[in-house]
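No value in this document is a laboratory result; all are computed from the given coordinates. What you see is a predicted model, and the numbers here were worked out from it, not measured in a lab. No Cβ is skipped: glycine too gets one built from the backbone with ideal geometry, and neighbour counts run over all protein chains shown.
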């Protein structure tokens, strides 16, 4: 009797694993615990485990691995730190998880060029630790201590994006193992180029669906001579957003500008032992020369005042700044502590900044109307905000209400010419929104995917709707 | 007797033209003079004329035009102002030139969001003229008064790129008519997005080979409160480059930083009636608050001094600044006047900034060794520089020497991890260098082209080597 398709699939996975074991020795594992850990993230997105996990150590090794998987048509799922938020690392069709965490070498720091070349498993904190003595830093800060490879793959951004851009602006070049096992370097180390299609930007944000990133060249920046930070409470979200718009229009090169709503302030006061006024609040940071940050802070203070902002207290001492930003970074844990026994559902959308206040206010009203609660925090200079819902996963009605809310949130952002995700990515969680956002563009994406990965072995089931 | 392939081709072009004439009336022309003007640019790249020129007026009209051309497999060559420099507008396989100059409407200016939406035929000067009263401006300045569509298609940059980025960083979204006639909007108006493949960046720099750009959303910036500009002479190109590197590392947000070599200074002194010292010179501009630009100028002056730079005179009065920058912008004409009766050959390469001095010095020595002369000017903050050769096209030995020099220039830049073009693009003139620069990446580009434009109707003979 002929083998069934499922049997054939199992056979090819088994054969791929046998070949990979020969290549990698005990750096290939099929241990259930390791597989489960690699297929599941911290979110509510249901995770599925891969058939094996490979701890790779070089570009050449990844090329051999992909060639083997391609031969047997076995899925390849790249994995950095597992901190992505939309089910990117799940293995719905099985396959081999490529864990790059041991590819954690900083290959070069070119101080004169303000750039560096790193392996994809280097985390952003490790990179900045390494850079400290050079006077340089890498600004992109998505919150988690994510890997540079993962941040590239998801087009990460975070609090500093308003000043320094996202991974889109800060990746200079990539080395990528393509689905056919070819090694491609997407660009030279020059700051700019007009030579051919922008393969770098095609790979940034492709979420492992077009290849495995094995080397990343990044822009670096001089650590500013002076940094000042501060908080400023406003009578409403709208007033805070208006102050933000005027600040940006004035050309004040603010480095960070975070909106934290009064619900989050209440929880952060309790968790981080602060005594901030329970009002929509902007957390700000200015980078520059000593004179420059003093001027920026003063100018912002004047703008804030004209929109009813409270007195703008600013801190230039490192420990004062750190305390402030620690509270912002702990926002998630503050909320989680306030909602014991619930799963968190973190999501993000991004709209033109002129629509931000309206989008946030409508979203809060929607939450009230549907008896949902959770804080809103936002990278307000980019029009990007997060809602964190807390949900008892055992209660189907709570889960259903959260899902319906997320659908409405995305449709609200799209109706305002925004995007279904500013920085978390599509993964498996937001695939259903891609068509609504991109229309005919989805077919273009599909044809690119088909051209580059005809067998669909690279992280199948992500980004593109089936 | 059956028709020959050439006859069949002529027939299909004739049929396409007949259908297009029905669509466009007298906005389709086959006049030889108009065709020749649209197939030839100002460079030494040999131009070929299209079979017809269509003066389109809307996205929908372009979609119908492309559908007709696709049906008959007739090439489509997009055309803005014809100011590109590598033979982008030539029609080596005939076809229909799509002139977008009548699509010159500014569709929207969103002052609160610091963005605008324009048709592709709007020129950068027309846009800035329109924006003046809003207090906003669009910074990208490739020299020529190019169309926004053309600047997008060639990934243009220019003098302001060191501060504001290139078209890559400043295009938010595009409407594109794809080779199958589908209309695709590549992104929403949100500042950032992590939703799917970056179709915007794929189209930026694709030189009309993947579709016709019919609408462009751009980032805008507040006109700075204060601008100061100045010139500073250095004892050597190396000293000037070192001052540039330290300036950038110090985080001084310089807006323009142009290197002009002593040969160009000599010609500019004569042409623009200036009395600058005949030495490698930096032209600089600072944008910011009044206090900010004063501080930036002072800090730069200190750095320049430590590298032997002459006294840094800076001008904040608009007329003084304009005189200075006019001389920089007139550099080409100054050189052309000094070399009567010769054709100009303008080229560009871009290297990591740490290699810039070396690359410029080696290039000058190469020119001396081969009895070539011409100025070097550069967007030195990006590592990008231009060489303008002047060549008597009647003298084959001069032409051959210039061609051999260009080959060596590109190979020198590539050997320094640079690119064969920082901003002019590949067009037809630099196709032969794509393989040397991108290696296996060329096959990825080719597969994307094949997937999106399987009949190869979009600007054939550009970017990809045959």
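What do you get for the angle between helix B:356-369 and the principal long axis of chain B? Use alpha-carbon atoms, 0 to 90 degrees, nearest ten. Relative to chain B, helix B:356-369 is tipped by roughly 80 degrees.
Find the percent of Cα-Cα distances in chain A that exceed 29 Å, and round it to a whole number.
50
The peptide list B:78-84, A:150-156, put in order of mean Cβ contacts within 10 Å with the highest first, becomes A:150-156, B:78-84. In chain A, the longest principal axis of the Cα atoms and the axis of helix A:290-306 are about 70 degrees apart. Once the Cβ-Cβ distance of residue A:313 and residue A:443 is raised to the sixth power relative to R0 = 41 Å, the FRET efficiency obtained is 0.20. Averaging 1/r across all pairs of distinct Cα atoms in region B:168-262 and inverting the result yields a Kirkwood radius of 17.0 Å.
Legend: Rg and Dmax of region B:226-332, from Cα coordinates, 12.9, 36 Å. Peptide A:414-423 is shielded by partner chain Cβ atoms: per residue, an average of 5 of them sit within 10 Å of its Cβ.
Label-to-label distance, residue A:3 versus residue A:401, with points set 7 angstrom from Cα along the beta-carbon direction: 5.0 nm. Cα centroid separation, region A:340-403 to region B:55-69: 43 Å. Placing a label point 7 Å from the Cα of residue B:15 along the Cα-to-Cβ direction, the residues of region B:39-75 whose backbone N falls under 19 Å from that point are B:51-52, B:64-75. Averaged over the residues of A:443-450, the number of partner chain Cβ atoms lying within 10 Å of the residue Cβ comes to 6. Taking the Cα centre of each part, how many Å lie between region A:192-234 and region A:277-330? When both Cα centres are located, 25 Å separates them. With Kirkwood's inverse mean 1/r over C-alpha pairs for Rh, give me the Rg to Rh ratio of region B:178-218, two decimals please. Radius of gyration over Kirkwood radius for region B:178-218 works out to 0.94.
Need one word for region A:289-361: rounded, prolate or oblate. Basis is the Cα gyration tensor (sqrt eigenvalues a ≥ b ≥ c); a/c below 1.5 gives rounded, then a/b vs b/c decides. List each step's numbers first, then the result.
Details: a/c = 2.56, a/b = 1.41, b/c = 1.82.
It comes out oblate by the Cα gyration axes.
Extending 7 Å from Cα along the Cβ direction at residue B:278 and again at residue B:33 yields two label points whose distance is 4.5 nm.
Could you calculate the FRET efficiency of residue A:130 with residue A:333 from 1/(1 + (r/R0)^6), where r is the beta carbon distance between them and R0 is 30 Å, rounded to 0.05? So the FRET efficiency works out to roughly 0.65.
Could you rank the peptides B:205-214, B:446-455, B:380-389 by their average count of other C-beta atoms within 10 Å per residue, with the highest value first?
By packing density, highest mean first, the sequence is B:205-214, B:380-389, B:446-455.
Relative to the longest principal axis of the Cα atoms of chain B, the long axis of helix B:59-72 makes an angle of roughly 60 degrees. Cα-based radius of gyration for region A:341-427, normalised by 2.2 N^0.38 Å, reads 1.04.
Along its three principal directions, the equivalent ellipsoid of region A:5-101 from the Cα gyration tensor extends over semi-axes of 21, 16, 11 Å, largest first. As a size descriptor, the averaged projected area of the C-alpha convex hull of the protein assembly as shown was calculated at 42.0 nm². With its label point put 7 Å out from Cα toward Cβ, residue B:21 sits 7.4 nm from the same residue's point in the other copies, in order from shortest. Shielding by partners for peptide B:155-168, expressed as the average number of C-beta atoms from other protein chains within 10 Å of each residue's C-beta, is 2.
Would you please put A:139-148, B:355-364 in order of how densely packed they are, using the mean number of other Cβ atoms within 10 angstrom per residue and starting with the highest?
Highest-to-lowest ranking by the protection proxy: A:139-148, B:355-364.
With the simple model of a label 7 Å out from the Cα in the direction of the Cβ, residue B:361 to residue B:238 spans 0.3 nm.
Computed over region A:230-274, the alpha-carbon pair-distance distribution with 5 angstrom bins reads 5, 18, 27, 22, 14, 9, 4, 1, each value a whole percent. Seen from a random direction on average, the alpha-carbon convex hull of region B:299-452 projects onto 12.8 square nanometres. In nanometers and ordered shortest first, the copy-to-copy spacing of the residue A:302 label point, defined 7 Å from Cα toward Cβ, is 2.5.
Per the Kirkwood formula applied to alpha carbons, region B:106-222 shows a radius of gyration over Rh ratio, Rg over Rh, of 0.94.
Between copies, residue B:370 shows label-point distances of 6.7 nm, shortest first, with the point placed 7 angstrom from Cα along Cα to C-beta.
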